[in-house]
Amino acid sequence: MDNFRIQGGATLKGRVRISGAKNAALPILCAALLADGDHVFRNVPNLMDVRTMGKLLRTMGLDAELADGTFSVRSRPVNEPVAPYDLVKQMRASVLVLGPLVARYGRASVSLPGGCAIGARPIDQHLKGLEAMGAQIRLQHGYVHVDVPKGRLQGAELVLDMPTVTGTENLMSAAVLARGRTTIVNAAREPEIEELALVLNKMGAQIEGAGTDVIVIQGVEGLDPVDHAIIADRIEAGTFMAAAAATQGDVFLDGVTFDHLEAVAAKLRQAGVVVEREGSGVRVAAEQRARGTDATTAPHPGFPTDMQAQFMVVMTTASGSSTIVETIFENRFMHVPELNRMGADISVSGRNAHVRGVATLQGAQVMATDLRASASLVIAGLVAEGTTEVLRVYHIDRGYERIEEKLSALGARIERVPGHA
Ligand code: EPU
């Protein structure tokens, strides 16, 4: 597996183009299962997770191809509505095929994703929702088998215990072809949900309220293929914002939607960083060390859990201390021991991380087991004195398109060192 070698100390300066959003693309690609014909998805990032989704669609008999940011799908009835273990284990988001498959075929089998590095991550809310719409659920041999005895789902009122993102996406995608009306209460409000609803509505669905906590879906008889360009990745953008702040740089992020970045912008401003909306993008500039600033993760529009690790790196070299609280996932502080090995001063107690700002970090060999934690180590390497090696950047490749090229163009000294395995 490849590693990154980073020579710390450079200040990031310049302009960076933000790619299409991974977490918007994944459910949208699955929506192609809902309508036969030729779909065209533009501004799709070339990432491992997107390629895995392509593999999954092809396994089911669809043509799916990603070239130059355009993901083309020729959709046709699937041979078997099954997401096998070998693909689900590579990418939990494979579970996003469940809603479209059950809506369209009245049955689906998906390997259970199991736990992952950041927590247990059950899918009980997805399944409870489908059950309320008339599906029967059976767990057998590590697979969840969903079957709709009547053949077609029936609209229902679904009240989620927590605003799960992929759960809301799965249930919304399931409800579009159900008989009658479905209401999702306590729905997730992330921009990716709004984007999926926009695409489904372009395909002929009738969805209202996406982006609020109550989504109402009037089922329709059939959907049409779609041509759509995906929104920019707010977490990639946030990661570059954190990198600019941590290196006391001055970076313009091109092609982002500022409204999606409000919570991150507010936190960085509170920490003394300049964040300005400018034309088609956002400028982030820091002339001095950030100030210690507390942050608590929360569902959108709160501070995103996917930005917690990167923000923590900004806090490691801030003046003063801060407390960062992770409320979404129970095990999302794996970057902490690695950051401490680089000279940070962070102590964790349950869901709280207390960060005492230090003058500088020192380069080291580090490694993380999830995407955002790995990204935070790259930022730490940019700040640190000397050389940092971030091992197994496999995780970063799942979610960041050409990150080393984009950082180099901003003045970072980072190179990919090809691995042997
Ligand atoms: N949860 C349940 N039961 C469920 C569903 C969720 O208990 O049926 C719990 C989870 O265990 C977690 C919380 O609810 O504690 C929220 O999880 P959610 O379902 O919202 O997360 P997700 O849909 O699995 C998506 C993103 C994640 C992001 C989270 C939170 C995609 C493909 N993934 O995951 O992105 O962290 O929402 O915003 O959209 C990443 O990109 O690195 C990433 C992990």
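The values are calculated or read from the model by the stated rules, or taken from the named source; none is laboratory data. Remember, predicted model here, so these are calculated numbers, not experimental data. Here the Cβ positions follow ideal geometry from the backbone for every residue, glycine too, while neighbour counts run over all protein chains shown. Ligands, DNA and RNA are stripped out before the accessible areas are found, and what is left, the full protein with its side chains, is counted by its heavy atoms. Shrake-Rupley method; radii C 1.70, N 1.55, O 1.52, S 1.80 Å.
Test of understanding: express the Cα radius of gyration of region 373-421 as a ratio to 2.2 N^0.38 Å, with N the residue count.
1.09
At 20 °C and 1.002 mPa s, what whole-number value in µm²/s does Stokes-Einstein give for the translational diffusion of region 22-219, with Rh from the Kirkwood sum over Cα pairs?
Rounded to a whole number, D works out at 131 µm²/s.
Among MET172, ALA210, GLY37, whose Cα sits farthest toward the positive end of the charge dipole of region 22-219 (+1 at Cβ of Lys/Arg, -1 at Cβ of Asp/Glu, about the Cα centre)?
GLY37
Subtracting the Cα-Cα distance from 0.36 nm times the residue separation, let me have the gained length for SER347 to ARG74 in nm, one decimal.
My answer for the length gained is 93.2 nm.
Would you work out the charge dipole size for the chain about its Cα centre, treating the Cβ of every Lys and Arg as +1 and the Cβ of every Asp and Glu as -1, and quote it to the nearest 20 debye? The partial results should precede the final answer.
On the way: 42 positive and 47 negative charges, 88 e Å.
About 420 debye.
Between LYS13 and ARG277, what is the label-point separation in nm under the 7 Å Cα-to-beta-carbon projection?
Once both label points are built, they end up 2.8 nm from each other.
For PHE252, PHE71, give the ranking by accessible area with the largest first, probe 1.4 Å.
In descending accessible area the options line up as PHE252, PHE71.
Provide the per-residue ³J(HN,Hα) series for region 73-81, in order, calculated from phi with Karplus coefficients 6.51, -1.76, 1.60 and θ = phi - 60°, each as a whole number of Hz, with x at glycine and proline positions.
Taking θ as phi minus 60°, the curve returns 10, 9, 9, 8, x, 6, 6, 9, x Hz for region 73-81.
Tell me, what ³J(HN,Hα) does each residue in region 98-107 have, in order and in whole Hz, if you take phi through Karplus 6.51 cos²θ - 1.76 cosθ + 1.60 with θ = phi - 60° and put x for Gly and Pro?
So the J values, rounded to whole Hz, are 4, x, x, 5, 5, 4, 7, 10, x, 6.
Just order 196-202, 291-297 by mean Cβ neighbour count inside 10 Å, highest at the front, would you?
Most protected by this proxy first, the peptides run 196-202, 291-297.
Within a Cβ distance under 10 Å of THR316, other residues only, what is the Lys/Arg minus Asp/Glu net charge?
Taking every other residue near THR316 into account, the sum is 0.
How would SER19, SER319 rank on accessible area, largest to smallest, probe 1.4 Å? Let's see the in-between values first.
Numbers: SER19 10, SER319 55 Å².
Greatest to least solvent exposure: SER319, SER19.
With both partners inside the chain, how many of the DSSP beta bridges are antiparallel, as a percent to the nearest 5?
Taking every DSSP beta bridge with both residues in the chain, the antiparallel ones total about 70 percent.
For region 22-219, with every protein chain kept in place, what is the accessible area per residue (1.4 Å probe, Å²)?
With all protein chains present, region 22-219 gives 38 Å² per residue.
Let a ≥ b ≥ c be the square roots of the eigenvalues of the Cα gyration tensor of region 293-340; is it rounded (a/c under 1.5), or, if not, prolate (a/b larger than b/c) or oblate?
Oblate, since a/c reaches 1.5 and b/c is not below a/b.
Which longest run of the chain has no exposed loop site in it, a site being GluC sites (Glu not before Pro) in a DSSP loop with at most 13 other beta carbons within 10 Å, and the site itself not part of the run?
The reported range is 1-220.
Just in region 144-200: which trypsin sites (Lys or Arg not before Pro) are loop by DSSP and have at most 13 other Cβ atoms within 10 Å? Display every interim value, and only then the final one.
Values: sites: LYS150, ARG152, ARG179, ARG181, ARG189; in loops: LYS150, ARG152, ARG189.
Answer in residue order: LYS150.
Per-residue ellipticity at 222 nm for the chain, helices alone: DSSP H runs ≥ 4 residues times -39500 (n - 2.57), over residue total, nearest 500 deg cm²/dmol?
Theoretical 222 nm ellipticity from helices: -9000 deg cm²/dmol.
Taking the Cβ of VAL251 as the centre, find all other residues whose Cβ is under 11 Å away and add up their charges (Lys, Arg: +1; Asp, Glu: -1).
Here the charged neighbours net out to +2.
What is the sum of charges, Lys and Arg at +1 and Asp and Glu at -1, for the other residues whose Cβ falls under 14 Å from the Cβ of GLN140?
+1
Quick check on my link table: of LYS89/LYS267; LYS128/LYS267; LYS22/LYS202, which ones sit more than 31 Å apart, alpha carbon to alpha carbon?
Pairs exceeding 31 Å: LYS89/LYS267; LYS128/LYS267.
Tell me, what is the 1.4 Å probe accessible area of PHE303, in Å² to the nearest 10?
10 Å²
Using +1 at the Cβ of each Lys and Arg and -1 at the Cβ of each Asp and Glu in region 170-312, identify which of PRO225, PHE258, VAL275 lies farthest towards the dipole's positive end.
Value: VAL275.
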